[in-house]
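Working notes, structure below.
The values are calculated or read from the model by the stated rules, or taken from the named source; none is laboratory data. Predicted, not measured: the structure shown is a model, and the values here were computed from it. In this analysis, Cβ positions are derived from the backbone assuming ideal geometry, glycine residues included, and neighbour counts consider all displayed protein chains.
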Amino acid sequence: MTQINVTVDGVSYVDDVEPRLLLVHYLRDVLGKTGTPIGCDTSNCGACTVLMDGVSVKSCSVLAVQADGTEITTIEGLANGEWHPLQKAFHEEHALQCGYCTPGMILASADLLRDNPNPTDEQIREGLEGNLCRCTGYEHIVRAVRRAAQAGAGQ
């Protein structure tokens, strides 16, 4: 077992974990952060995307021990008492159908807008290319990210 100290959604945790435990399983099974779905377990779909020190990572491809000393933001921690502008924009633009990819899409979008607060539609599509949606056709997702950018989500 290896001891890790990690801050998740603003709360510090110290836990002993197996060195092979994936971050997605630590978040879900140890901390109860079930808003982070397990998608493909191969890092292809991006459903499990979280922010690690503000950068989007696919939590199925990161070991929990690699998160030691970092700050993780999950979809549950993105809102601060009210919906984050990205969550609101996804709702207003109907940018989800089944919702399985939505947490990963929103967190990848947060990273994108942090780096580029006013992206073009092409830049949005490129920024989200590692996150798959099997339901929407992406147009509503692009509109939602654009709306969130206009609302200042990246600042």
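Details
- Flag if Ala144 is in contact (Cβ under 8 Å) with a residue 60 or more places away in the chain and out of contact with any Gly (no Cβ under 8 Å at 6 or more places or on another chain): no
- Residue match in segment 104-113 (condition: surrounded by 15 or more Cβ atoms within 10 Å (Cβ to Cβ) and assigned to a loop (DSSP other than H, G, I, E, B)): no
- Members of segment 17-59 that are of a type in the set (D, E, K, R) and buried (at least 19 other Cβ atoms within 10 Å of the Cβ): Arg28, Lys33, Lys58
- Test: residue in segment 39-48 that is in contact with an Asp or Glu (Cβ under 8 Å, 6 or more places away or on another chain) and outside the structural domain of Ala144 (by TED's automatic domain parsing): no
- Whichever residue in segment 5-16 is part of a strand (DSSP E or B) and surrounded by fewer than 21 Cβ atoms within 10 Å (Cβ to Cβ) and, among such residues, is farthest from the chain's Cα centre (by Cα): Asp16
- Single unsatisfied condition, Gly46 versus (1) in contact with a Leu (Cβ under 9 Å, 6 or more places away or on another chain); (2) on the phi < 0 side of the Ramachandran plot: (2)
- Count of segment 70-96 residues which are more than 20 Å from Thr34 (Cβ to Cβ) and without any contact (Cβ under 8 Å) to a residue 40 or more places away in the chain: 2
- Residues in segment 19-42 that are part of a loop (DSSP other than H, G, I, E, B) and touching a residue at least 24 places away in the same chain (Cβ under 8 Å): Pro19, Arg20, Leu21, Lys33, Gly35, Thr36, Pro37, Gly39.
- Some residue of segment 73-90 being outside any strand (DSSP E or B), among the basic types (Lys, Arg) and either surrounded by 23 or more Cβ atoms within 10 Å (Cβ to Cβ) or modelled with pLDDT of 95 or more (or both): yes
- Matching residues, segment 98-127, being at pLDDT below 95 and either within 18 Å of Ser61 (Cα to Cα) or of a type in the set (Phe, Trp, Tyr) (or both): Tyr100, Cys101
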